[in-house]
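Here, each number is a calculation from the coordinates, and none is a lab measurement. These numbers come from a predicted model, not from an experiment. When we count neighbours, we look across all protein chains shown, and the Cβ atoms used for this are built from the backbone with ideal geometry, even at glycine.
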Amino acid sequence: MGQYGTIIYLVVLVGIFYFLIIRPQQQRQKQAQATINSLEPNVNVTTYAGILGTVVKVKDTTVILKIAENVKIEVLKSAIAQVNESKSEKS
């Protein structure tokens, strides 16, 4: 019984590890990929560096953000942390 108890203990430990660490990380990765795939022009976004901007153009691996009047920057899609609620640019 001692040998089976150790095996059961290890299986339970691996299960707990999966549900507390691996599964939530996979869900965060799926959410980040969905955010990147949903990028389109005139969407307000925040980058991981804290830059707020409006998407002007979406390319294969990058996006062009308008961060101020007559100021545009190009950032990697992976640098987009979140899509903000407001879809229209402030005038």
Helix-derived mean residue ellipticity, 222 nm - over the chain, DSSP H n ≥ 4, -39500 (n - 2.57), to 500 | -11000 deg cm²/dmol
Return the long-range amide H neighbours of residue 81 (sequence gap of 5 or more, or a different chain), with a cut-off of under 5 Å between placed amide H atoms.
-> 46, 47, 48
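By how many nm would the segment from residue 28 to residue 16 lengthen if fully extended, with 0.36 nm per residue of separation less the alpha-carbon distance? It would help to have the intermediate numbers written out before the result.
Working: separation 12, 0.36 × 12 = 4.32 nm, distance 1.81 nm.
Once the chain is fully extended between residue 28 and residue 16, it gains 2.5 nm.
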Could you pull out every residue, at least 5 positions away or on a different chain, whose amide H is within less than 5 Å of the one on residue 43? Hs are placed 1.01 Å off N in the peptide plane, and Pro or chain starts have none.
-> 55
Diffing the range 2-12: the Karplus 3J(HN,Hα) column from phi (6.51, -1.76, 1.60, θ = phi - 60°), in whole Hz with x for Gly and Pro, holds x, 5, 5, x, 5, 5, 4, 4, 5, 5, 5
What are the ³J(HN,Hα) values, in whole Hz, obtained from phi via the Karplus relation 6.51 cos²θ - 1.76 cosθ + 1.60 with θ = phi - 60°, for each residue of the range 66-71 in sequence order, with x given for Gly and Pro?
-> 9, 9, 7, 4, 6, 10
By how many nm would the segment from residue 81 to residue 64 lengthen if fully extended, with 0.36 nm per residue of separation less the alpha-carbon distance?
-> 4.6 nm
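Take peptides 49-62, 13-26 and line them up by average Cβ neighbours within 10 Å, highest first, as a rough protection proxy.
Values: 49-62: 13.2, 13-26: 10.4.
Answer by packing, highest mean first, reads 49-62, 13-26.
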For the chain, how many pairs of lysine residues have a Cα-Cα distance under 15 Å, where the two are 8 or more positions apart or belong to different chains?
-> 10
